[in-house]
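One structure below.
Computed from the coordinates by the stated procedures, all read-outs in this text should not be read as laboratory data. Computed from a prediction, not measured in an experiment: that's the story for all the values here. Cβ placement follows ideal geometry from the backbone for every residue including glycine, while neighbour counts extend to all protein chains displayed.
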Amino acid sequence: MRRSNHLKYSTHIYQKNKLVLSPWLFLIPGIIFFLIYVIIPIFQSIWVSFYEWDGLGQAEWVGLANYVELLDDEYFYTSLKNNFIWLVLYLLAVPLGLFIALFLNQVVFGIRFYKSLFFFPFVISQVVVGLIFSWFYNPNFGLLAHIFISLGFEPIAILSDENLVTYGIIFAGLWPQVAYCMILYLTGLSNVSRDLMEAARLDGAKSWRMLWYVVLPQLRPATFISVVVTIIGALRSFDMVAIMTEGGPYGSSNVLAYYMFETALSEYGFRLGYGSAIATVLFFIMLIYITYFLWRLYKNEKGI
């Protein structure tokens, strides 16, 4: 009897340990790769920011000198300002994605074809998007130039105008970002409770009241992911700037990510310490936003 009880107890302990250890066995490879390719490089980049280094020769410790230099760098302030313009305007992708998703969530003839049209920008490369809009904005043969001419106006060289170039690039970037938010909202709409909607209809809720009080509260997870991904995309914007203007004209369309690359790795740079200082500033800006949204999510989950 004792032996039988001991065997049952051992089996119970084994099963319990198995349940505890099994998830970690699957997670450990991912955690190792995450540490090697994400966490360790972050700290290495912060460490390099305290040096003056060209990537090949001897690194010279300069302390906070790179950060002090940033305070007097007009290109850094231009890049920082452009990043915040990106941040504000890029968030338009969230409501636009929601309204397109609401339209595509209807059961009408040909809706699959319409969905594929709106989904298309998401599956093509950012490089292709940048090239398409570079041609679209071209003042000599671009579609926008033809539209202006047909209306009796002179074509505007948007990508050559210091005051308009950033807005032109953001508009190009919004095209695939709206598609991404739309996909998230379509997924969320498929999980909206039909019972709650029917109950709201019986209570007289229609159109905007139905959307505001019934649908949107159930789309909070999709909204949270859309906002976080959009903010991260705005802050780390690089591809569109690199393809469409390379930071020009005269650095007016630079953002922190591209200015970091230009300073540290381009043919005009090779200042890895200074580039790392720019990267560190960008990292902490992103960290503040992400921490804030995670804190808000935690508060909502706990009902605080």
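Relative contact order of the chain: 27 percent, from C-alpha pairs under 8 Å at least 6 residues apart in sequence.
What is the gain in length, in nm to one decimal, between residue 68 and residue 167 on full extension, counting 0.36 nm per residue of separation less the C-alpha to C-alpha distance?
Using 0.36 nm per residue and subtracting the Cα-Cα distance, I get 32.7 nm.
When the GluC sites (Glu not before Pro) in the range 200-292 are filtered for DSSP coil states and for at most 10 other beta-carbon atoms within 10 Å of their beta-carbon, the remaining sites are 267. When the helices of the chain are scored as -39500 (n - 2.57) per DSSP H run of n ≥ 4 and the total is divided over every residue, the value at 222 nm lands at -22500 deg cm²/dmol.
With N the number of residues in the range 68-302, Rg(Cα) / (2.2 N^0.38 Å) evaluates to 1.19. Annotation: peptides 142-149, 247-254, ranked by per-residue average of other Cβ atoms within 10 Å with the highest first, follow the order 247-254, 142-149. Packing here is the average count of other Cβ atoms within 10 Å per residue, and on that basis the peptides 79-85, 178-184, highest first, run 178-184, 79-85.
Once divided by 2.2 N^0.38 Å, the Cα radius of gyration of the range 34-131 becomes 1.77.
Here is the tail figure for the range 237-294: Cα pairs spaced more than 12 Å apart come to 67 percent of all pairs.
In terms of packing, defined here as the mean over residues of other Cβ atoms within 10 angstrom, the peptides 214-220, 269-275 line up highest first as 269-275, 214-220.
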